[in-house]
Structures are given as C-alpha cells and as structure tokens.
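Trainee: Once you've had a glance at the structure underneath, I'll fire off some questions.
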Amino acid sequence: MKKLTLTKEYITLGQLLKAEDLVSDGAEAKERIRAGEAKVNGETDTRRGRKLYPGDVVSFDGTEIEVVR
C-alpha cells in the first residue's frame, strides 16, 4: 500500500488522484470518480471534493493509498 503524506489539513479525492499520477488531469479525475471507480475506506465515493484526512484509504484502479500525516 502506498502512502501519501499530507502537508495541509486535508486533500480532496480529485487532488489525491492527480498527485499520485493515477489520472492525467482534473477532468479525467472528475469523470472516473463520477463513474464510481474510486473507493474511500472500502465504500464507493462519487464526490471529487471528498475531503481525505489521515487514516483514510483510497482504492483506485488497483492501487491503494493511505493518507498519513
């Protein structure tokens, strides 16, 4: 499992996907999240602006990323 260290209080789901190079840009992130391809803590989430905090785990396209401080 990969880890993403926060430099701020939170990161949004769309920003995380871009930061980890899982999508090419914000438009792709928006489309794929809306299509139900992203899971947060095991549950599908369709909100690009979903705030992620330390301890959250994102699953996307066969990759798991844990948000850490």
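The values are calculated or read from the model by the stated rules, or taken from the named source; none is laboratory data. Since this is a predicted model, take the numbers as computed values, not measurements. Cβ placement follows ideal geometry from the backbone for every residue including glycine, while neighbour counts extend to all protein chains displayed. Accessible surface is based on the protein model in full, side chains and every heavy atom, while ligands, DNA and RNA are left aside. Shrake-Rupley method; radii C 1.70, N 1.55, O 1.52, S 1.80 Å.
Trainee: With θ taken as phi - 60° and the coefficients 6.51, -1.76 and 1.60, list the Karplus ³J(HN,Hα) couplings across the range 3-12 in order, rounded to whole Hz; mark glycine and proline as x.
Mentor: 10, 10, 8, 6, 10, 10, 5, 8, 9, 7
Trainee: May I ask you to give the solvent-accessible area per residue for the chain, in square angstrom, as obtained with a 1.4 angstrom probe?
Mentor: Numbers: 4190 Å² over 69 residues.
Per-residue accessible area for the chain comes out at 61 Å².
Trainee: Over the chain, what is the relative contact order in whole percent, taking alpha-carbon pairs under 8 Å and six or more residues apart?
Mentor: Contact order relative to length: 41 percent.
Trainee: Once every DSSP H run of n ≥ 4 in the chain is given -39500 (n - 2.57) and the sum is divided by its residues, what mean residue ellipticity at 222 nm do you get, rounded to the nearest 500 deg cm²/dmol? Intermediate values should be presented prior to the final figure.
Mentor: Numbers: 2 runs with 16 residues, N = 69.
Calculated mean residue ellipticity at 222 nm is -6000 deg cm²/dmol.
Trainee: Now, a different point. Please compute the net charge surrounding Tyr53, taking Lys and Arg as +1 and Asp and Glu as -1 over other residues with Cβ under 10 Å from its Cβ. Write down the numbers at each step before the final one.
Mentor: Details: positive: Lys51, Arg69; negative: Glu9, Asp56.
That sum, taken over residues with Cβ under 10 Å, equals 0.
Trainee: Same structure, new question: Search the structure for amide H atoms under 5 Å from the amide H of Ala38, placed 1.01 Å from N in the peptide plane, and list their residues when 5 or more places away or on another chain.
Mentor: Answer set, sorted by chain and number: Asp45.
Trainee: Mind putting a number on the dipole of the chain about its Cα centre? Charges go on the C-beta only, +1 for Lys and Arg and -1 for Asp and Glu, and I need it in Debye to the nearest 20.
Mentor: The calculation lands at about 260 debye.
Trainee: Pick from Leu22, Leu52, Leu13 the residue whose mean-square fluctuation is largest in a GNM of the chain, springs joining Cα atoms under 10 Å.
Mentor: Leu22
Trainee: Follow-up. Determine, for each peptide in 29-38, 42-51, the mean count of other beta carbons within 10 angstrom over its residues, then list the peptides with the highest first. Mind showing how you got there, number by number?
Mentor: Details: 29-38: 16.6, 42-51: 12.6.
Per-residue mean Cβ counts within 10 Å order the peptides as 29-38, 42-51.
Trainee: Per residue of the range 55-69, what does 6.51 cos²θ - 1.76 cosθ + 1.60 with θ = phi - 60° give for ³J(HN,Hα)? Whole Hz please, x for Gly and Pro, Karplus curve as stated.
Mentor: Along the range 55-69, the couplings run x, 6, 10, 10, 10, 7, 6, x, 10, 10, 10, 9, 7, 10, 8 Hz.
Trainee: If we count every other residue with Cβ under 10 angstrom of Met1's Cβ, Lys/Arg +1 and Asp/Glu -1, where does the sum land?
Mentor: Numbers: positive: Lys2, Lys3; negative: Glu64, Glu66.
Combined, the nearby Lys, Arg, Asp and Glu give 0.
Trainee: When the accessible area of the range 4-55 is split by element with a 1.4 Å probe, what percent falls to carbon and sulfur? Could the numbers behind the result be given before it?
Mentor: Numbers: 1310 of 3190 Å².
Carbon and sulfur atoms account for 41 percent of the accessible area of the range 4-55.
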